[in-house]
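The values are calculated or read from the model by the stated rules, or taken from the named source; none is laboratory data. Bear in mind the structure is a predicted one, so any value in this text is a computation, not a measurement. Counting neighbours? That spans all protein chains shown, and the Cβs are built from the backbone with ideal geometry, glycine included.
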Amino acid sequence: MWQMVIQGGLWELFRRGGPVMVPILFCSIVALGVVLERIYHLRKSKVDTERFLETVSSHVKHNRIVEAMDFCDQTPGPIARIVKAGILKHDRPPQEIREAIEDAGVQEVSRLERYLGVLATCAQISPLLGLLGTVTGMVTAFQVIQEKATAMTQVNPGDLAGGIWEALLTTVFGLCVAIPALVAYNWLVNWVNHFVIEMERSAAELVEILGQRRESDAV
């Protein structure tokens, strides 16, 4: 196979794989697009949580609520948005603050997980498409052998071997798409889980900060 890749190129292998290679190629393009889009989005959403919360805490403790919200607007990412949702309820009871943060958190998690289901689907169906192509290719190969046998034509081992190896190409390509797609999916899921942990920690600290502010105002 590798000799053929060097001599004939991937296009020749793609052509010999049959029509099932088209949806496999489509899955590879979609998977690559999702991975690149998610990497860009998650990198853009990354923020120094410690420094961000210190700045927010300073604004809130000095009753600069508008400045705190403006700072959240200027900071990209889900953590800033859920913190702003909590600050908007700064004069409400702690339970209402938590509910506002939880509602915002649900929306942010949905944004973080966007398209990951598509990537998982590509990783799951690519090997199945490859198996489908292999099965249909072998059926075609055996049909050719049957036709030759019926016509009393000598059947060469190469007739069977050639048809089978071409049929197996779809399985090879399907696995080549599925394996990196699955690895990328698990990596992105772990990245999203890290964001969720940071969001939960930030929410807990914000509730504590707002609680301390309420106690100081009462005194």
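Values for this structure:
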| item | result |
| --- | --- |
| Residue 150 touching a Gly at 6+ places or on another chain (Cβ under 9 Å) and either within 24 Å of residue 186 (Cβ to Cβ) or not charged (D, E, K, R) (or both) | no |
| Failed item, numbered, when residue 89 is tested on (1) farther than 30 Å from residue 192 by Cβ; (2) touching an Asp or Glu at 6+ places or on another chain (Cβ under 6 Å); (3) not polar (S, T, N, Q) | (1) |
| Members of segment 31-48 found to be of a type in the set (Val, Ile, Thr) and either more than 10 Å from the chain's Cα centre (by Cα) or surrounded by 17 or more Cβ atoms within 10 Å (Cβ to Cβ) (or both), listed by number | 34, 35, 47 |
| Hey, residue 137 touching a Ser or Thr at 6+ places or on another chain (Cβ under 6 Å), in contact (Cβ under 8 Å) with a residue 60 or more places away in the chain and over 28 Å from residue 190 (Cβ atoms) or not | no |
| Hits in segment 19-65 (condition: acidic (Asp, Glu), in a helix (DSSP H, G or I) and without any contact (Cβ under 8 Å) to a residue 12 or more places away in the chain) | 50, 54 |
| Top-ranked residue of segment 109-127 - restricted to ones that are among the small types (Gly, Ala, Ser) and buried (at least 17 other Cβ atoms within 10 Å of the Cβ), ranked as farthest from residue 192 (Cα to Cα) | 126 |
| Count - residues of segment 132-165 that are surrounded by 16 or more Cβ atoms within 10 Å (Cβ to Cβ) and modelled with pLDDT of 75 or more | 5 |
| Conditions (1) modelled with pLDDT of 90 or more; (2) buried (at least 18 other Cβ atoms within 10 Å of the Cβ); number of the one not met by residue 97 | (1) |
| Top-ranked residue of segment 82-94 - restricted to ones that are under 21 Å from residue 52 (Cα atoms) and surrounded by fewer than 20 Cβ atoms within 10 Å (Cβ to Cβ), ranked as modelled with the lowest pLDDT | 90 |
| First in segment 118-131 and under 11 Å from residue 177 (Cα atoms), second anywhere and outside any helix (DSSP H, G or I), Cβ under 7 Å, 6 or more apart | 129/20 |
